[in-house]
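All remarks here apply to the structure that follows.
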Amino acid sequence: MHNVVISGTGLYTPAQSISNEELVASFNAYVAQFNADNADAIARGEVEALGESNAAFIEKASGIKSRFVIDKAGILDPQRMVPSIPERSNDDWGILCEMAVAAAKEALQRAGKTAADIDGVIVACSNLQRAYPAVAIEVQAALGIQGWGYDMNVACSSATFGIQAASNAIQVGQAKAILLVDPEICTGHLNFRDRDSHFIFGDAATAVILERADLATSEHQWEVISSKLLTQFSNNIRNNFGFLNRAAEEAASNPDKLFVQEGRKVFKEVCPMVAELIGEHLAENDLPVADVQRYWLHQANLNMNLLIIRRLLGRDAEPHEAPVILDTYANTSSAGSVIAFHKYQDDMAKGSLGVLSSFGAGYSIGSVILRRR
């Protein structure tokens, strides 16, 4: 069995960003128009008037201040409120491939590797743009990688599940190095006309190089000590969009074909599950919670992360112990915890311990224990 390290990470950030204030202005313009257009029906009690959103409430409830997006104009247009992403020719690289390649190039550079060193590509994300051919095979072709590629989806936990899949393949000798990429256009599946969720998501892509420890030369190595996964079925976070929607025309435009969640239930149920899983994972590896210098948690909601860390440590975390990126990126699904890891790892000394954890729909939870080499 070979030891495995993460030897490089990469990040693609879209050029455009939307502040809470901009998002709220667009949403409230839509609300005003909807209420005006339906004034008579609202007065008769046949239609429920929509309520306005509020930037200060968004920040308090989620910790989000802004989000990066692939297309700003389409989202902020009160008549559209959907990103405008023109369909590309099949002869051109797709947008997820383009994002993944940008992140992968940085990860390869940090790992000191080239495409010739990579044996396989895993695309692990929530929001694949098509059923097939696999985006991973497209990324493989765009980078000139020989070998294999496949897509996988475990919603927001896709990255940690992908790390375990890549680590297992390397440990048993099926590959020497694997590229894991998490391209997420979350704004494509977000209902920007839903006050409870219109602020949650942003777009980004991350990349991780995993390889045999004895072949790694990077200055950015993190040994994969152990990974632990858990899934438990729940309907509290759901997206019913899929090709079978066309076979049920009467429901094809229902709100559940976009992101829907029972936020309070998710908060109440997921936080203790994550804290328990991480605690058990550390105990199984004879590692005290106090020995972990940093937690790179899924970036969905600041209050969730604060509660999870409080349950683990028995106290509030210092900012450096659980770094936050969702204030500027919002929830980027599978990419979020990897963005935090990418941005907040280089200051840590050799021998430092960290936990990379993601959690989301499914429910799904992943925990990866890492040690700086």
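Within the assembled protein chains, the solvent-accessible surface assigned to residue 312 is about 30 Å², based on a 1.4 Å probe. Would you compute the Debye intensity of the chain from its alpha-carbon atoms alone, equal scatterers and no solvent, and pass along log10 I(q)/I(0) at q = 0.13 Å⁻¹ to two decimals? The computed values of log10 I(q)/I(0) come out as -1.03.
Provide the FRET efficiency to the nearest 0.05 for the residue 235-residue 350 pair, computing r from the beta carbons and using R0 = 41 Å. My answer for the efficiency is 0.40.
Run through every distinct alpha carbon pair of the range 158-242 and return the Kirkwood hydrodynamic radius in angstroms, one decimal place. Don't jump to the answer; show the numbers that get you there.
Details: mean 1/r = 0.0633 Å⁻¹.
About 15.8 Å, per the Kirkwood formula over Cα pairs.
Among the listed pairs 72/257; 113/350; 265/343; 60/257, which have their C-alpha atoms separated by more than 24 angstrom in this model?
Those over the limit are 265/343; 60/257.
Sequence-distant contacts, meaning Cα pairs under 8 Å at least 6 residues apart, place the relative contact order of the chain at 24 percent. Diagonalising the gyration tensor over the Cα atoms of the range 58-105 and scaling each eigenvalue by 5 before taking the square root yields semi-axes of 27, 18, 6 Å, largest first.
Note on the chain: with charges restricted to the Cβ of Lys and Arg (+1) and Asp and Glu (-1), its dipole about the Cα centre is near 620 debye. Calculated [222 nm] ellipticity per residue, helices only, for the chain: -10000 deg cm²/dmol; basis is -39500 (n - 2.57) per DSSP H run with n ≥ 4, divided by all residues, nearest 500. Note on residue 283 and residue 79: with the Förster distance fixed at 45 Å, the Cβ-Cβ geometry gives a FRET efficiency of about 0.25.
If you build the Cα gyration tensor of the range 73-172 and take the root of 5 times each eigenvalue, what three semi-axes come out, in whole angstrom, biggest first?
Working: eigenvalues 150, 53, 34 Å².
Taking √(5λ) for each eigenvalue gives 27, 16, 13 Å, largest first.
Summarising the strand pairing of the chain, around 70 percent of its internal DSSP beta bridges are antiparallel.
Once you compute Rg and the Kirkwood Rh from C-alpha atoms, what is the Rg to Rh ratio for the range 144-295? Present the calculation step by step, with values, prior to reporting the outcome.
Numbers: Rg = 19.1 Å, Rh = 18.7 Å.
So for the range 144-295, dividing Rg by the Kirkwood Rh gives 1.02.
To the nearest ten degrees, helix 95-111 and the longest principal axis of the Cα atoms of the chain are 30 degrees apart.
The equivalent ellipsoid of the range 214-308 has semi-axes of 36, 19, 12 Å, largest first, where each one is the square root of 5 times an eigenvalue of the Cα gyration tensor.
Remark: the chain carries 45 Å² of accessible area per residue (probe radius 1.4 Å; ligands, DNA and RNA excluded).
Extension gain, residue 117-residue 324: 0.36 nm per intervening residue step, less the Cα-Cα distance, totals 71.3 nm. Our note on the geometry: Cα centres of the range 114-190 and the range 1-69, 29 Å apart. Accessible surface of the range 178-323, 1.4 Å probe: 50 percent of it comes from carbon and sulfur atoms.
Histogrammed with a bin width of 5 Å, the alpha carbon distances of the range 1-133 distribute as 2, 8, 12, 13, 14, 13, 11, 9, 7, 4, 3, 2, 1, 0, 0 percent, first bin at zero. Each label was represented as a point 7 Å from its Cα along the Cα-to-Cβ direction; for residue 264 and residue 43 these points are 3.4 nm apart.
The values are calculated or read from the model by the stated rules, or taken from the named source; none is laboratory data. Note that the coordinates shown come from a computational prediction; the quantities given were computed from them, not determined experimentally. Here the Cβ is made from the backbone with ideal geometry for all residues, glycine too, and neighbour counts use every protein chain on show. Quick note on the areas: whole protein, heavy atoms, side chains included, nothing else; ligands and nucleic acids left out. Shrake-Rupley method; radii C 1.70, N 1.55, O 1.52, S 1.80 Å.
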